[in-house]
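As structure tokens, the structure follows; a few thoughts come after it.
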Amino acid sequence: MSFVGDIIGDITGSNQAADAMSAGAAQSAEATLAATEKNIEFQEWLWGEQKALSEPYVQAGYSALDDYMGMAGQPYTMEDLYLDPGYQFRLNEGQKAYETSGAAKGMQLSGPQVKAQTRYGQDYASGEYGAAFGRRQTQLDNLYRMIAGGQAAAAGQAQQGTSMGTQVSGSIMAGGQALSNMYQQQAQASAAQAMAPWNTIMDIGQLGVRAYGAHQMSDERLKENLKHIGTLESGIKVYEYNFIGNKDKETGVIAQEVLKVIPEAVGEKDGFLTVDYSRLH
């Protein structure tokens, strides 16, 4: 095996490590994003369920508020009492009772009878007004309690919405951080991958100088099974290959390509091109 056999696989190993690092970062980000989406979906579902449970109370509060505002904006008067069907019915029944009683006593349409009926109507109206007003206040109180219940339900919805917003915002931030970490790790892997060919070429150059001098055989005509594995900063491609008649894997450049970019790094020996690896960059 030639001297470069000591560092065969450096670039390939570095590429594999970089690819694994990039793939791992992508998988981690995908897992985080998937969890983020699930969390957002769950929060939206939970918000919908909670809202559906409280929505009837909110709507009842809105309806009660309309009725309350309509009643509270109009004071209760005697005219309202007179228009009450229940009041008229009870008043008529009471007057009929007086008439029946007066007829039995032979006092129908007499002065005392008329006076008694008038007093009854006045006293009944006074007492009935107080009772009717009390019933109206009770109705207003009931409406107010419905309004308060609707208001509490609406406040609960608002609080639940805020909580969901906080949860979703946190999930989105976590997803963004996962993507940021993935991009950073992939960039680091790419940088390491890009430096691997150069570092390996430097190792090859140093070994080549110690073993054979600065120039090494790099003529394309002597190589086979070329596989591009990297590129130097100068744009010169790095290959994995083997020399014809030798199955050992080598790593290096092609002299014909170097000649186009760094001609001073190319020499000739026995009719084949050589490369001074110490001049590559």
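Where a ≥ b ≥ c are the square roots of the eigenvalues of the C-alpha gyration tensor, would you call the range 214-279 rounded, which needs a/c under 1.5, or, failing that, prolate if a/b is larger than b/c, or oblate? Oblate, because a/c is 1.5 or more while a/b does not exceed b/c. In terms of other Cβ atoms within 10 Å, 228, 215 run from fewest to most in the order 228, 215.
The order of 250, 240, 30, going from fewest to most other C-beta atoms within 10 Å of their C-beta, is 30, 240, 250. The residues 261, 238, when put in order of fewest to most other Cβ atoms within 10 Å, stand as 261, 238. Given their separation in residues at 0.36 nm each and the Cα-Cα distance between them, residue 30 and residue 151 gain 39.3 nm when the chain is fully extended.
Each reported figure results from applying straightforward, stated rules to the coordinates on display, with no laboratory input. The shown structure was predicted, so the numbers you read here are calculated from the model rather than taken from an experiment. Note: ideal-geometry Cβ built from the backbone for every residue, glycine included; neighbour counts use all protein chains shown.
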